[in-house]
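Accompanying notes for the structure given below.
The values are calculated or read from the model by the stated rules, or taken from the named source; none is laboratory data. Since this is a predicted model, take the numbers as computed values, not measurements. Positions of Cβ are generated from backbone atoms using ideal geometry, with glycine treated the same way; all protein chains shown enter the neighbour counts.
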Ligand SMILES: Cc1cc2nc3c(=O)[nH]c(=O)nc-3n(C[C@H](O)[C@H](O)[C@H](O)COP(=O)(O)O)c2cc1C
């Protein structure tokens, strides 16, 4: 039961997409966790985040990006 | 030496320690002895139409090695005529003019009844009145006590009637046997109360005797629900004080009651907004002289904190008590096992493995000894291991560096901008 491993994987996937300059256009949360929709050009990719740390990480990233945008 | 005087809704007391209405304040003899011992005030045993009590009316909950971790009673209000109580109140006030005497009152919910008792009681020189809307047994079956204290309209109306006749301060004592105590506290405010006190006892049945199948306590083989108090109820009482102290539209002085045994408990209630505290069970368990330690302890604590007055404590923690949604989700603590203090009982490992997040594991140290360590990355910081650990200092919860704070409410606001 090493949830940390699962979180590390989710974090890697989120970082990878954000580093590729994909932008998050929609986040939907339901009984199964969070579904994050990334877009780049015409492509849409959906990540399914299951761990609580993953969902926390996602919102911290969103908040940091928003802060960056207001500061630049 | 700090100044222990408090000002409770304009009532000046030499210290914040009052005896709560109950067996310790039944007679003038007792209250005078209590004042000699050092209590700053006493709330007299509730006055009203004298009742008849049953015998076998108390029961104690012994938990582990601790006697009276909780206490249950099916006692009613005073069984002595009003005139006798009033004579003793007058005499006690005459002998101890600098001590606070509050008369606790309970009558049927009718304006004339409240007017009559308030006038008669104020005539003998009490410093204030406490309306007992809390007793959960016996009196409640007669429409008084918690039966009227659970209905906000009745709380408001009766407070109003008492206030119509009262010249001294009116304190409304609230029942905890209600979902949201702020509703009745607010009703008391609307009725014109000068202060509130909480809590009275909590509905309870202490137990069932497995040999006789009688309830505990039982009266000739029959039982009824009673009122629970003592150390076990302190967290419930404290949270109710906190709920009321945090209400911006209430703003009434609070007298904290419920499970207070020592100066530490008292200081906690004061930090949470109480400007006086009341004690019943602890005095019944240990006697009046517990107040000596309470006075010394609070004095030393204030000195240590560099505070000159007990009033400086009042309400300091109120702003730190908030809704769950305003807590920081990014705050992170993890457990750490201190090998020098660990006694290898494995309780933490069992608790974590069976009922938490499976992050405490065995390892063999450099000397070949089997020991326990926390896999910190999987620790959710729930505190369970440190709670079950019997060895002082063996488990410490260590704060971790984290990203900027974010509360649930902030998170939900942020997500809502992403269609979440
Ligand atoms: C045996 C007994 C009798 C009590 N009688 C009264 C009473 O007459 N009026 C009242 O307002 N509260 C009464 N109480 C409640 C106490 O004043 C107090 O609110 C409650 O016990 C919680 O405080 P504690 O944990 O310090 O005991 C009684 C409590 C006990 C244990």
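Points to keep in mind about this one:
- Residues that are within 16 Å of the ligand (Cβ to nearest atom) and either surrounded by fewer than 20 Cβ atoms within 10 Å (Cβ to Cβ) or part of a helix (DSSP H, G or I) (or both), drawn from the stretch B:119-142: B:121, B:139, B:140, B:141, B:142
- Residue match in the stretch A:48-70 (condition: crowded, with 17+ Cβ neighbours inside 10 Å and more than 30 Å from residue B:357 (Cβ to Cβ)): no
Residue-wise test of (1) modelled with pLDDT under 95; (2) surrounded by fewer than 24 Cβ atoms within 10 Å (Cβ to Cβ); (3) in the same structural domain as residue B:86 (by TED's automatic domain parsing).
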{"site": "B:16", "(1), (2), (3)": "no, no, yes"}
{"site": "B:21", "(1), (2), (3)": "no, no, yes"}
{"site": "B:29", "(1), (2), (3)": "no, yes, yes"}
{"site": "B:33", "(1), (2), (3)": "no, yes, yes"}
{"site": "B:40", "(1), (2), (3)": "no, no, yes"}
{"site": "B:45", "(1), (2), (3)": "no, no, yes"}
{"site": "B:49", "(1), (2), (3)": "yes, yes, yes"}
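- Of everything listed in (1) facing chain B (nearest Cβ under 9 Å); (2) touching a residue at least 40 places away in the same chain (Cβ under 8 Å), the single unmet condition for residue A:25 is (2).
- Test: residue in the stretch B:297-309 that is within 13 Å of the ligand (Cβ to nearest atom) and either closer than 21 Å to residue B:200 by Cα or not in a loop (DSSP other than H, G, I, E, B) (or both): no
- All positions within the stretch B:1-19 that are within 13 Å of the ligand (Cβ to nearest atom) and touching a strand residue (DSSP E or B) at 6+ places or on another chain (Cβ under 6 Å): B:18, B:19
- Scanning the stretch B:66-93 for residues that are more than 10 Å from the ligand (Cβ to nearest atom) and either surrounded by fewer than 18 Cβ atoms within 10 Å (Cβ to Cβ) or closer than 21 Å to residue B:143 by Cα (or both) turns up B:66, B:67, B:69, B:79, B:80, B:81, B:82, B:83, B:84, B:87, B:90, B:91.
- Any hit, the stretch B:326-346, residues being surrounded by fewer than 17 Cβ atoms within 10 Å (Cβ to Cβ), away from chain A (no Cβ under 14 Å) and part of a helix (DSSP H, G or I): yes
- Once the stretch B:51-65 is narrowed to residues that are surrounded by fewer than 18 Cβ atoms within 10 Å (Cβ to Cβ) and touching a helix residue (DSSP H, G or I) at 6+ places or on another chain (Cβ under 9 Å), the residue that is farthest from residue B:171 (Cα to Cα) is B:63.
- Top-ranked residue of the stretch A:36-46 - restricted to ones that are within 13 Å of chain B (Cβ to nearest Cβ) and touching a helix residue (DSSP H, G or I) at 6+ places or on another chain (Cβ under 9 Å), ranked as surrounded by the fewest Cβ atoms within 10 Å (Cβ to Cβ): A:38
- Checked against (1) under 26 Å from residue B:271 (Cβ atoms); (2) within 15 Å of the ligand (Cβ to nearest atom); (3) touching a strand residue (DSSP E or B) at 6+ places or on another chain (Cβ under 6 Å), residue B:22 passes all but condition (3).
- Number of the condition not met by residue B:159 [criteria: (1) part of a helix (DSSP H, G or I); (2) surrounded by fewer than 22 Cβ atoms within 10 Å (Cβ to Cβ); (3) over 17 Å from the mean Cα position of the chain (by Cα)]: (2)
- Check on residue B:97, more than 14 Å from every other protein chain (Cβ to nearest Cβ) and either modelled with pLDDT under 95 or near the ligand (Cβ under 10 Å from one of its atoms) (or both): no
- Taken over the stretch B:370-408, the residue count meeting the criterion of being in a helix (DSSP H, G or I) and within 12 Å of chain A (Cβ to nearest Cβ) is 4.
- Single match in A:11, A:65 (criterion: within 22 Å of residue B:406 (Cα to Cα), within 13 Å of chain B (Cβ to nearest Cβ), assigned to a helix (DSSP H, G or I) and under 10 Å from the mean Cα position of the chain (by Cα)): A:11
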